[in-house]
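This report refers to the structure that appears directly beneath it.
Just so you know, all these numbers are worked out from the coordinates, no wet-lab data involved. Remember, it's a predicted structure, so these values are computed and weren't measured experimentally. No Cβ is skipped: glycine too gets one built from the backbone with ideal geometry, and neighbour counts run over all protein chains shown.
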Amino acid sequence: MAFGITRNQLNEWKRKIDAGEIAFLTHYWYDERFPDVKTVTKVGCKDIDKLVQWGKKYGLKKEWIDYRKEGYSHFDLIGEWEKRILEAEGLLGSSPFFKAKDN
């Protein structure tokens, strides 16, 4: 279950994907399989080859892509993967989802 984002944020993520950019969208999330995880970051791109190459920089496997018929295929980043990659991309500090004591 996703929450904590606006329709505008979702639409901006989709716009960037449609433009062929690597796009990031972090939101609060709950899944009983991962009870200690509070957020997920979706990293998508219309160009699947570009997304695969981006993921390789961080050890992400092509098989981990959540393929979507509507064209918003993405990696789901959670836990330490999420924090490490967002930090490497320079996005961790600007995210309202991550504070010193969270996650």
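Observations on the model:
- Of the criteria (1) within 14 Å of the chain's Cα centre (by Cα); (2) on the phi > 0 side of the Ramachandran plot, which one GLY20 fails: (1)
- Candidates GLU89, GLU32, GLU70 - the one that is surrounded by fewer than 18 Cβ atoms within 10 Å (Cβ to Cβ), among the charged types (D, E, K, R) and touching a residue at least 60 places away in the same chain (Cβ under 8 Å): GLU89
- Extreme residue, nearest to ILE22 (Cα to Cα), among residues of region 37-78 that are among the acidic types (Asp, Glu) and part of a loop (DSSP other than H, G, I, E, B): ASP47
- Taken as a whole, the structure places LYS16 among residues that are charged (D, E, K, R) and not in a loop (DSSP other than H, G, I, E, B).
- Condition met for LEU77 (surrounded by 12 or more Cβ atoms within 10 Å (Cβ to Cβ), in contact with a helix residue (DSSP H, G or I) (Cβ under 9 Å, 6 or more places away or on another chain) and at negative phi): yes
- Test: residue in region 45-66 that is buried (at least 17 other Cβ atoms within 10 Å of the Cβ), of a type outside the set (D, E, K, R) and touching a Leu at 6+ places or on another chain (Cβ under 6 Å): yes
- Residues being part of a loop (DSSP other than H, G, I, E, B) and closer than 21 Å to TRP81 by Cβ - total across region 19-36: 9
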